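A short worksheet on the structure shown next.
The values are calculated or read from the model by the stated rules, or taken from the named source; none is laboratory data. Just so it is clear, the structure is predicted and the values come from calculations on it, not from any experiment. Note: ideal-geometry Cβ built from the backbone for every residue, glycine included; neighbour counts use all protein chains shown. With ligands, DNA and RNA removed, areas are computed over all heavy atoms of the protein, side chains included. Shrake-Rupley method; radii C 1.70, N 1.55, O 1.52, S 1.80 Å.
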Amino acid sequence: MLKNIFIAVIFIIATSAQASAEKILFIPHDDRPVSSQQPAEVVSQLGYEIISPPTEFLTQPNQLWTWFFENAPFADAAVVSSDCLLYGGLIPSRSHQISFDILSDRVDNFKALRKNNPDLKIYAFGSLMRTPQSGTPGDREEPDYYGQYGADIFQLTCLMDKQETSDLNSEEKFYLDSLEKNIPDEILDDYFSRRFKNLAVTKKILDLADAAVINYFVIGRDDNSELSQTHRENRILLDFIKNIPNVQSLAGIDEYAMLLLTRAVNDLRGSVPTVNVQFNHGMGAKTVPAYSDEEIGNSIREEILIAGAIPVPKPDRADFVLFVNTDPNGETYHFHNSFPPQILSKSEQKYFKRNAKKFSAQINDAVKKNLPVGVADITFANGSDNFLMNQLRDKNLLFKLKSYGGWNTATNTTGFALGMGILAKKMSRNSVNRLLAVRYLDDWAFQANVRAAIAAELSKRPDGLQIYLNLGEYESEIIERENFLMKNFAAKNLPQIKNFSVKNTWHRMFECEIIFEP
């Protein structure tokens, strides 16, 4: 029976009974599948027409604004990345050399857009520049100097942040002084001047949100920690936005497209769904995951509000119940998110198996009660918990869920799983299964297994890390290997899913695109 269902899922893009002609403009902050294609596909299952600009426009703000002005009159809502509209994308926002005057003029375009389209609902999301804990030479996501000085810059900003919130001891003061002397002045000038410029531009957007030019604005803190430059800047913004009701600032970034698209749908429908959240035992909601500066319970509560929903304390009163797979000790593990991937010891395997068995039993009980259940899998960074997924497979729960997420940072995962799960209530089972198939292939098969397997193979080569970060001339060879491993994994663990392939949209191993054959 399930096999027959999946034949339909793979070959037919099912839509809900609602034949809505409403149009939503969607400008993602880049063209990675999880940022652009995948959230759009979730909403399209409900019958909405998602209109996005040509991919090449995402890096060209002037052309993007022209496209936005031309298409806005025909849309009911717009979910847009301010990073794209101002800098040409999330990554360019971290290394651009654009003057403040040009950036300010681009922000003012929102005023003209609102004047010309008074009824258009505009939902925008942008980012505070991230503060990675270290740099990798050749990494295109940061300025070139971050490969050499990234770790020092991170430590410098940690100490500056701490100095402003508490006292530094004598050792910390000495370390701060040495870092300031060791990092070249021209590098610090470039780094901080760009950050201050971006922060000033963000404040201008906040003024537009306060004036209702923008209906809702979310500021993401991508890849930061409890002490960092990103955390410093957020302290400034929190004071700035405390009296602006339609603005939120929280950890994360990649998930906001999914959450704001969900909010757009809820607003267009006049709907306010209810969400209950259940955590694994132990630290649970108090977990501060890697790449975040706040407890995951706080992040999820804010994500629910971004989506236009409200949290409720009891699962039987909720339209959607999100189960969050946290580590009992509040840790985030990187076993399959390192180069080469780490190998689990026998004691670690027992630990994770025990946790997965307990948590999957909670999920099983909820499914038996016919609760609309989704899973946010955040014990491991950037990939599923294999022990949990094996339990869900063995208990025949994989395609009884409403949503699943296990990709990238914790908040990226929880946000996508929330949005998909909230919207799933109005979808057919075939539509939900199609979306789950993408998540299982991406988050479980690729991120937690195939990517790690290829990383292990590449680590045996002297140039393996460089290939991992930039496939270059080896891309076709690696894609062939990926597809072989992916199809073997699916045959063993997801036999319902057939006729698919994968490719590396950004020509690196960090993400993949799932393609179903027509």
The one condition residue 142 fails out of (1) touching a Gly at 6+ places or on another chain (Cβ under 7 Å); (2) assigned to a helix (DSSP H, G or I) is (2)
- Item | Verdict on residue 218 being assigned to a strand (DSSP E or B), touching a residue at least 60 places away in the same chain (Cβ under 8 Å) and either on the phi < 0 side of the Ramachandran plot or open to solvent by 10 Å² or more (accessible area, probe 1.4 Å) (or both) | yes
- assigned to a loop (DSSP other than H, G, I, E, B), of a type in the set (Ser, Thr, Tyr) and over 21 Å from the mean Cα position of the chain (by Cα), is that true of residue 360? no
Of the conditions (1) part of a helix (DSSP H, G or I); (2) surrounded by fewer than 22 Cβ atoms within 10 Å (Cβ to Cβ), the single one that residue 50 does not satisfy is (1)
Note on region 391-414: residues more than 21 Å from the chain's Cα centre (by Cα) and in contact (Cβ under 8 Å) with a residue 40 or more places away in the chain are 393, 398, 399
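Please find, among 153, 102, the residue that is open to solvent by 20 Å² or more (accessible area, probe 1.4 Å), in a helix (DSSP H, G or I) and β-branched (Val, Ile, Thr). Give the steps one after another, and end with the answer.
Details: 153 fails: open to solvent by 20 Å² or more (accessible area, probe 1.4 Å).
When all the criteria are applied, what remains is 102.
Does residue 257 satisfy the condition of being part of a helix (DSSP H, G or I) and in contact with a Lys or Arg (Cβ under 7 Å, 6 or more places away or on another chain)? If you could, list the steps in order and put the result at the bottom.
On the way: part of a helix (DSSP H, G or I): yes; in contact with a Lys or Arg (Cβ under 7 Å, 6 or more places away or on another chain): no.
When the stated conditions are applied, residue 257 does not pass them.
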Checking 365, 319, 394 in turn, the sole residue that is surrounded by 17 or more Cβ atoms within 10 Å (Cβ to Cβ), on the phi < 0 side of the Ramachandran plot and charged (D, E, K, R) turns out to be 319
Conditions (1) of a type outside the set (Gly, Ala, Ser); (2) at pLDDT below 95; (3) part of a helix (DSSP H, G or I); (4) open to solvent by 10 Å² or more (accessible area, probe 1.4 Å) -> residue 245 fails only (3)
The lone condition residue 491 fails out of (1) closer than 30 Å to residue 370 by Cβ; (2) surrounded by fewer than 17 Cβ atoms within 10 Å (Cβ to Cβ) is (1)
The helices (runs of 4 or more DSSP H) lying entirely within region 415-518 that contain at least 3 residues which are touching a residue at least 60 places away in the same chain (Cβ under 8 Å) and under 26 Å from residue 135 (Cα atoms) are 451-458, 464-469
